[in-house]
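Asks: Questions regarding the structure given below will be posed in turn.
What follows draws every value from the coordinates through simple rules; no lab data is involved. Predicted model only: the values in this text are computed from it and were never measured.
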Amino acid sequence: MALKGVAPRVAAPTLRAVSEASPPSLPVDPVAHIVPLIGEDAVRTLVAAFYRRVPRDPILGPMYPPQDLSGAQARLTSFLVQRFGGSKAYSRERGHPRLRMRHAPFRVDQAARDRWMELMRAAMDELGFDARVRAEVEVFLDGVATFLVNS
Ligand code: HEM
């Protein structure tokens, strides 16, 4: 039992300590536990909140197909659901993601990349994502967004 007024001596494990202690057989995909944690519907709601912001955005709005915004929304949802450990429908329907190639027709510069992340962060704010889940989702999206910059 902790003494009154005395801070507990055992510190919470740091991320480094946890990862050093992890056996090598753990899954390598760091985001595959997200859907088991929050469910596919939360991913659907996140992408919907993102796409609500796209059409009125001066940088991103003109890049997306106005006549097929719901199709674009469905593709990103399906991709993220799969990456986050849910249904594999994306690969069945679209094959390998090849995201660099699929973004090649668009001018993804630093400003577009930053705006994309800004809209995603605003969508997560709106939905009140759990802080830990949010941090993990953000690190993942941030990495992919940087990887997709092509001009
Ligand atoms: C960096 C800024 C980004 C810009 C400007 C951008 C822009 C676009 C555009 C204009 C499309 C076409 C919409 C469609 O018809 O599907 C698209 C598709 C897509 N984007 Fe991005 N995107 C960005 C970042 C990302 C990130 C970070 C991810 C994933 C984490 C992503 C995943 C996808 C997927 C899965 C598709 C559909 C691919 C398919 O055809 O199956 N994008 N993106």
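Asks: Project the alpha carbons of segment 30-147 onto their principal axes and report the range along each, largest first, in whole Å.
Replies: Result, largest extent first: 34, 32, 25 Å.
Asks: Convert each backbone phi in segment 37-48 into a coupling constant with the Karplus relation 6.51 cos²θ - 1.76 cosθ + 1.60 (shift: θ = phi - 60°), then list the ³J(HN,Hα) values in order as whole Hz, x for Gly and Pro.
Replies: Computed from phi, the couplings for segment 37-48 are 7, 10, x, 5, 4, 5, 5, 4, 5, 4, 5, 4 Hz.
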